[in-house]
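The values are calculated or read from the model by the stated rules, or taken from the named source; none is laboratory data. Being a predicted model, the structure only gives us computed values, none of them experimental. Methodologically, a virtual Cβ is constructed for each residue, glycine included, from the backbone with ideal geometry; neighbour enumeration extends over all protein chains shown. Remember, those area values only see protein heavy atoms, side chains included, never the ligands or the DNA or RNA. Shrake-Rupley method; radii C 1.70, N 1.55, O 1.52, S 1.80 Å.
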Amino acid sequence: ALVAGLRRARRGDADADGPGDDVVLVERLPARRRELEQRFADGGVTVTAELPPSVASAVVAVKPHDVEAACRGLAAAGARRVLSIAAGVTLSSLRGWLGDGPAVLRAMPNTPALVSAGASAVAPGPGAGEGDVAWAQGILEAVGSVEVVEERHLDAVTGLSGSGPAYLFLVAEALIDGGVLNGLPRAVAARLVTRTVLGAGRLLTESGESPEALRAAVTSPGGTTAAGLRALEARAVRAALLEAVTASAERAAELGREGPPA
């Protein structure tokens, strides 16, 4: 998703120098490497099995147990700055494996990056300057929006926007089932819910109004929406969402304390 976003950004501004230049994807699994070669067969991206001998900047996008080996390889290749999107791997661990040379940053993207609608947060480590942060932002903004935060806030980011799409997908599932329960064909209910979720998101993004104001605008006194909201409050849906974000954030913190699995 990141590579595709970078390519789109470069094509939109062909004269600009930026984070989409000279992209090399390192993938050691043969089947996955062939898949990536086919995906980017029209050029602009080199797919290889081995890390190049010299690396300027790098994004570490591997499973947590592979991060140490990737970082040590990047340190040997002379990387000057590294952005990690590996879950639960702290800046302290990254710096321990990379040494004091590279500027290190850590980010938490989310799955809507696959459709260029991601919501990411990035935390710069000690020694990461404005230019390094701008570079990381440029990569993440190629697939959505990005916030700059302190590392201590990344667990909350994980619980909110990192896991948030799953909460919304669960809500969508339940709404579809609600439509079916009340007599709608499932396909019709699915289309209505999908467009409702999309439209509500766009309205929230583009109207400039708060969620509270938008909710009030659609809730007539004594009307149908008020009845539905009363049922949700009776089932403590608001409290359940608060607890979901907190539980996810706490689990992210636990993973950070445990470190990558051996």
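Numbers at a glance
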read-out	value
Residue in the stretch 104-127 that is more than 20 Å from the chain's Cα centre (by Cα) and not aromatic (Phe, Trp, Tyr) present	yes
Helices (runs of 4 or more DSSP H) fully within the stretch 201-258 counting 1 or more residues that are touching a helix residue (DSSP H, G or I) at 6+ places or on another chain (Cβ under 7 Å) and among the aliphatic types (A, V, I, L, M)	211-217, 237-258
Cβ-Cβ under 7 Å pairs, at least 6 apart or on other chains, the stretch 190-213 side among the hydroxyl-bearing types (Ser, Thr, Tyr), far side open to solvent by less than 60 Å² (accessible area, probe 1.4 Å)	SER207/LEU214
Selection from the stretch 145-171 of residues that are surrounded by fewer than 19 Cβ atoms within 10 Å (Cβ to Cβ), without any contact (Cβ under 8 Å) to a residue 60 or more places away in the chain and not charged (D, E, K, R)	SER145, VAL148, VAL149, HIS153, PRO165, ALA166, LEU168, PHE169, LEU170, VAL171
Selected residue (only one of ALA174, ALA134 is surrounded by fewer than 20 Cβ atoms within 10 Å (Cβ to Cβ) and either touching a Phe, Trp or Tyr at 6+ places or on another chain (Cβ under 8 Å) or within 24 Å of VAL24 (Cβ to Cβ) (or both))	ALA134
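Every residue, every condition in (1) modelled with pLDDT of 90 or more; (2) more than 15 Å from ALA77 (Cβ to Cβ), yes or no:
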{"site": "ASP13", "(1), (2)": "no, yes"}
{"site": "GLY18", "(1), (2)": "no, yes"}
{"site": "VAL24", "(1), (2)": "yes, no"}
{"site": "PRO30", "(1), (2)": "yes, yes"}
{"site": "GLY43", "(1), (2)": "no, yes"}
